[in-house]
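**Q** Before we start, here is the structure in question, set down as structure tokens.
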Amino acid sequence: MQALCFYRRVRRDQNNTKFFTGGVRLWPIVSSIEPNTLKRRGVGFRGYDAARVSRGFTLFAPINETNRTIYLVDIEGQVVHTWEMPEPPGLYGYLTERGTLVCMGSVPNDSFIGRSRFHGGVVREVDWDGHVLWEIHQPDQHHDARRLRNGNVLLLCAARLPDSVAARVRGGRPGSEQEGGHMDADYLQELTTDGKVVWEWRSWEHLDPAENVITGVQDAREEWTHGNSISEMRDGNILISFRNISTIAMIDRNSGNIYWKLGAPPLAGQHAPHILASGNILLFDNGPHRLDETFPYSRVLEIDPATKQIVWQYADTPPWKFFSPRISNAQRLPNGNTLICEGSFGRIFEVTSEGETVWEYVNPHFGGTGDPATQINNVFRAYRYTAEEISRAETTGS
């Protein structure tokens, strides 16, 4: 398609006098532009600083109902390996110390948790070639599952909160409970790889609803705690993250008691806390609704659990340039840099301790709807593995 357009051009004569020339010209009209905002900004490998990057391979799984693939890319963003799964990720995968892949799949059911966008339902361990070593189906499982050092599997699950407890939960949007006024809350379940339950822990038996309030005034009251992460600490105890109440907590495996916790502020809807070699906690602090700021933004925090003080953080300048209201994680790398997954936008990048970006990649795999403008490239978590770790993973295949 073409259109008539008037144009004007500036020229100067021998006396340096400015004058204009012009006319009518046929200009082509661009009939389309990339409709997806994130794609227009650029996807795939964005660049790196070869001298300062922590070399290795990055593992991630796009989370949408049309994706079935877990990707491994090299430092220049080239896909070097994939695992094909029978269902969409629910929500991510990671490599174990022996090199196998533990991953979760989304298998919907008719419960509230089974219809949710963060549902899992199946956990499996596979080798380099994707052969299943074991598989557990648990319809209440969501967000996370971790292989423990004793060989068992710890699942993060959700179930209906007793109505007597739900009636005491404070915060969130009034009237936004599930049908009938019900709410869900989290529980943990440890199983052997053949599915035998050996330990359980229920959040509502150890948290006070009057004290642990839903911090976001905009959040629905369909759930109380909304756990999004579990990890085993070096002493065998459990570190857990509850997004809705903006709280991370340490659970004693023997007594079930919560013996340490940190809430809002400074936390705000955080994800993926875990213990570093130093003993500090690294986490992604999403910040959709901060109690100590007037605007939302994300940051990565390193916290000393002994003092509960922030000892290092990454935030952009100005802060609102870096923001993922949901999902996301951070990982400390061997050279001291930090890998960050800004999950809502599929952006994975590496920063130095001074906050300088030395590697960036944006998930190019979009999906979720038939409308290109509304497709997403969300990534729940991303992890970087060294060449040695990938070599070990390769030996698990046939």
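The numbers here are math on the coordinates, done by the rules we state, and not lab data. Computed from a predicted model, the values in this text were never measured in an experiment. Please note: Cβ atoms are built from the backbone with ideal geometry, for glycine as well, and neighbour counts cover all protein chains shown.
**Q** Binned at 10 Å from 0, what are the whole-percent values of the Cα-Cα distance distribution for the chain, short to long?
**A** The percentages, shortest bin first, are 5, 21, 31, 23, 9, 4, 4, 2, 1, 0.
**Q** Given charges of +1 on the Cβ of Lys and Arg and -1 on the Cβ of Asp and Glu, with all other atoms neutral, how large is the dipole of the chain about its Cα centre, in debye to the nearest 20?
**A** Dipole about the Cα centre, nearest 20: 1860 debye.
**Q** So for region 72-141, what percent of the C-alpha to C-alpha distances run longer than 14 Å?
**A** When every Cα pair of region 72-141 is considered, 60 percent fall beyond 14 Å.
**Q** Next question. Based on Cβ point charges of +1 for Lys and Arg and -1 for Asp and Glu, what charge dipole magnitude is obtained for region 304-370 about its Cα centre, in debye rounded to the nearest 20?
**A** 260
**Q** Another one. Given a cut-off of under 8 Å on Cα pairs at least six residues apart, what relative contact order in percent is computed for the chain?
**A** Contact order relative to length: 15 percent.
**Q** Would you mind computing, in nm to one decimal, how far apart the modelled labels at Thr69 and Thr386 are, each placed 7 Å from Cα along Cα→Cβ?
**A** About 2.9 nm, to one decimal.
**Q** Roughly how many Å is it from the Cα centre of region 48-113 to that of region 279-304, as a whole number?
**A** Using only Cα atoms, the two centres lie 25 Å from each other.
**Q** What is the Cα centroid distance between region 315-387 and region 182-247, reported in whole angstrom?
**A** Rounded to whole Å, the Cα centres lie 25 Å apart.
**Q** Using θ = phi - 60° and the Karplus relation 6.51 cos²θ - 1.76 cosθ + 1.60, list the HN-Hα couplings for region 301-314 in order, rounded to whole Hz, with x at every Gly or Pro.
**A** After applying 6.51 cos²θ - 1.76 cosθ + 1.60, I find 10, 10, 10, 7, x, 5, 10, 6, 9, 6, 9, 7, 8, 10 Hz.
**Q** Calculate, for Glu394 and Ala167, the FRET efficiency according to 1/(1 + (r/R0)^6) with r their C-beta to C-beta distance and R0 51 Å; round to the nearest 0.05.
**A** For R0 = 51 Å, the calculated efficiency reads 0.40.
**Q** If you don't mind, another one. Which length gain, in nm to one decimal place, applies between Ala220 and Lys308 when the Cα-Cα distance is subtracted from 0.36 nm times their residue separation? Could the numbers behind the result be given before it?
**A** Details: separation 88, 0.36 × 88 = 31.68 nm, distance 2.88 nm.
Length difference between fully extended and current span is 28.8 nm.
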